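Report on the structure given below.
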Amino acid sequence: MTRDTLRGIADQFQRWVTERAEKRNIPIVEAPKGRRDEFVDPYFERAKPDAIVVILKAREPARIMTAIGYNVVNRWHLQFAQRCVIQYNFYINDRKWGRMFVRVCPYLPFSARISSNGSMPHSRQALSARSKLTKDSKPRGGLNSIASISASSTISISSSEPSA
């Protein structure tokens with residue numbers, strides 16, 4: 001596996017994202033210097049449920065595999081390295097989870113990070129549980145357990161990191 005092969009895979013992913021976004025009228029914009037959540041607010045104003053609202057393209061640090069070797073003798077090995085590379089942040093308006101984003105790195109090992117504001121689904125659960133109160137106002141559902149759930153959650157998925 002050469003540098004050109006790895007670069008070709010990343011380029012192929014980037015072309016695929018661009019073509020799909022154009023076909024579905026999803027804007028791809030450069031990430032701002034400031035707060036991204038405030039920057040994407042206008043895109044969510046008229047967003048349909050279960051849709052990708054905007055894709056932010058940003059150069060960010062990532063742990064990727066690089067090919068070390070020489071073309072002359074065609075001998076290569078793969079090595080992990082920390083590099084700043086273009087990554088794609090897909091901002092989604094999910095019907096159940098609310099606003100969230102998925103960050104995808106187009107370089108091997110293709111790490112992805114899913115981040116959502118967990119307060120959206122939990123507040124919806126609380127509203128649902130509140131509507132299940134009996135006549136004497138005693139909760140039937142797990143309102144106490146809902147209150148103990150954290151307000152935000154982030155899940156990282158990467159084949160480069162060992163699972164705990």
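The values are calculated or read from the model by the stated rules, or taken from the named source; none is laboratory data. Here the structure is a predicted model, which is why all the values come from computation and not from measurement. Don't worry about glycine lacking a Cβ; one is built from the backbone with ideal geometry, like all the others, and counts go over all protein chains shown.
Restricting to region 2-20, name every residue that is among the β-branched types (Val, Ile, Thr), closer than 10 Å to residue 106 by Cβ and modelled with pLDDT under 95.
Selection gives 9 alone.
If the requirement is being surrounded by 12 or more Cβ atoms within 10 Å (Cβ to Cβ) and in contact with a helix residue (DSSP H, G or I) (Cβ under 6 Å, 6 or more places away or on another chain), which of these qualifies: 53, 85?
53
Against the condition touching a Phe, Trp or Tyr at 6+ places or on another chain (Cβ under 8 Å) and either at pLDDT below 50 or basic (Lys, Arg) (or both), how does residue 124 come out, does it pass?
no
Quick grid of which residues meet (1) of a type in the set (Val, Ile, Thr); (2) closer than 19 Å to residue 10 by Cα; (3) within 16 Å of the chain's Cα centre (by Cα):
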| residue | (1), (2), (3) |
| --- | --- |
| 37 | no, no, yes |
| 41 | no, no, no |
| 45 | no, no, no |
| 53 | yes, no, yes |
| 58 | no, yes, yes |
| 79 | no, yes, no |
| 85 | yes, yes, yes |
| 111 | no, yes, yes |
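Looking only at region 27-38, filter to residues that are surrounded by 12 or more Cβ atoms within 10 Å (Cβ to Cβ) and under 14 Å from residue 101 (Cα atoms); which one of those is modelled with the highest pLDDT?
28
Would you say residue 67 is in contact with a Lys or Arg (Cβ under 6 Å, 6 or more places away or on another chain), at pLDDT 50 or above, among the hydrophobic types (A, V, I, L, M, F, W, C) and surrounded by 15 or more Cβ atoms within 10 Å (Cβ to Cβ)?
Spelling it out, residue 67 is indeed in contact with a Lys or Arg (Cβ under 6 Å, 6 or more places away or on another chain), at pLDDT 50 or above, among the hydrophobic types (A, V, I, L, M, F, W, C) and surrounded by 15 or more Cβ atoms within 10 Å (Cβ to Cβ).
Tell me yes or no: at least one residue of region 39-49 is part of a helix (DSSP H, G or I), of a type in the set (A, V, I, L, M), surrounded by 11 or more Cβ atoms within 10 Å (Cβ to Cβ) and in contact with a Leu (Cβ under 9 Å, 6 or more places away or on another chain).
The answer is yes, given that some residue of region 39-49 is part of a helix (DSSP H, G or I), of a type in the set (A, V, I, L, M), surrounded by 11 or more Cβ atoms within 10 Å (Cβ to Cβ) and in contact with a Leu (Cβ under 9 Å, 6 or more places away or on another chain).
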